[in-house]
1. For residue 57, which of the numbered conditions (1) under 23 Å from residue 109 (Cα atoms); (2) open to solvent by 100 Å² or more (accessible area, probe 1.4 Å); (3) not hydrophobic (A, V, I, L, M, F, W, C) fails to hold?
2. Taking into account only those residues within the range 120-129 that are surrounded by 12 or more Cβ atoms within 10 Å (Cβ to Cβ) and among the aliphatic types (A, V, I, L, M), which is farthest from residue 5 (Cα to Cα)?
3. When the range 70-90 is examined, which residues are found to be in a helix (DSSP H, G or I), surrounded by 10 or more Cβ atoms within 10 Å (Cβ to Cβ) and among the charged types (D, E, K, R)?
4. Taking the options 107, 162, 136, name whichever one is in contact (Cβ under 8 Å) with a residue 12 or more places away in the chain and open to solvent by 60 Å² or more (accessible area, probe 1.4 Å).
5. I want to confirm something. Restricting to the range 50-86 and keeping residues that are touching a Ser or Thr at 6+ places or on another chain (Cβ under 8 Å) and within 28 Å of residue 120 (Cβ to Cβ), which single residue is modelled with the highest pLDDT?
Amino acid sequence: TAISRPSILLERVQEYEILKNNTYFQTETQLIIISFLIFLALIIFAAIIRIFTLYSNYKISFMSGYEISVSLFKKTINQNLSFFNKNDSSIITSFITEKLNLCAECLMHYFTILNNTILISIVFIALLILNPIATLLVFLFFILTYLIIVFLFRKKVQTNSLIAAKMDTQIIKLLREAIENIKII
């Protein structure tokens, strides 16, 4: 409303005594700028909440995968010798590490994509109905912001991926050693 019909919004603002004499709500331009700043603050606040939510979701997802892996490892280690003679140690190791982590990651990504698709569709359609030009400008702003963030953090993500790959290799090595040592014992 501030962008498409600022005069109507200015009239509504002037109805409130506390805002009527405020120097920041006297012209349409001021009202547009203040509305934009409030909108931007709300978007930043929503982004902070979203980051916290994503962090929590990932933490819960991966901690669940960790707990399942530890539980499965304990059950595997306590199996009879016949179990280890019948099953290949690399298959057991692969299942404990890679498959469980892959399941946890897939579930997390599936729900994230589903939630984001629904949310973006609803917001985009609603804003497109209200003001198509402003909507396209805002979405272009977000796309550019996203691309800048991706560009800035790409190196950090690559470094963390290499660390994670090295740690996965270490985990598989330790699991293989533990399983094969049970056969020897």
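1. Failing condition for residue 57: (2).
2. Going through the qualifying residues, I end up with 120.
3. 75
4. 107
5. 54
The values are calculated or read from the model by the stated rules, or taken from the named source; none is laboratory data. Since the structure is predicted, the reported quantities are computational estimates derived from the model, not experimental observations. Here Cβ is always computed from backbone atoms with ideal geometry, including for glycine, and neighbour counts include all displayed protein chains. Quick note on the areas: whole protein, heavy atoms, side chains included, nothing else; ligands and nucleic acids left out. Shrake-Rupley method; radii C 1.70, N 1.55, O 1.52, S 1.80 Å.
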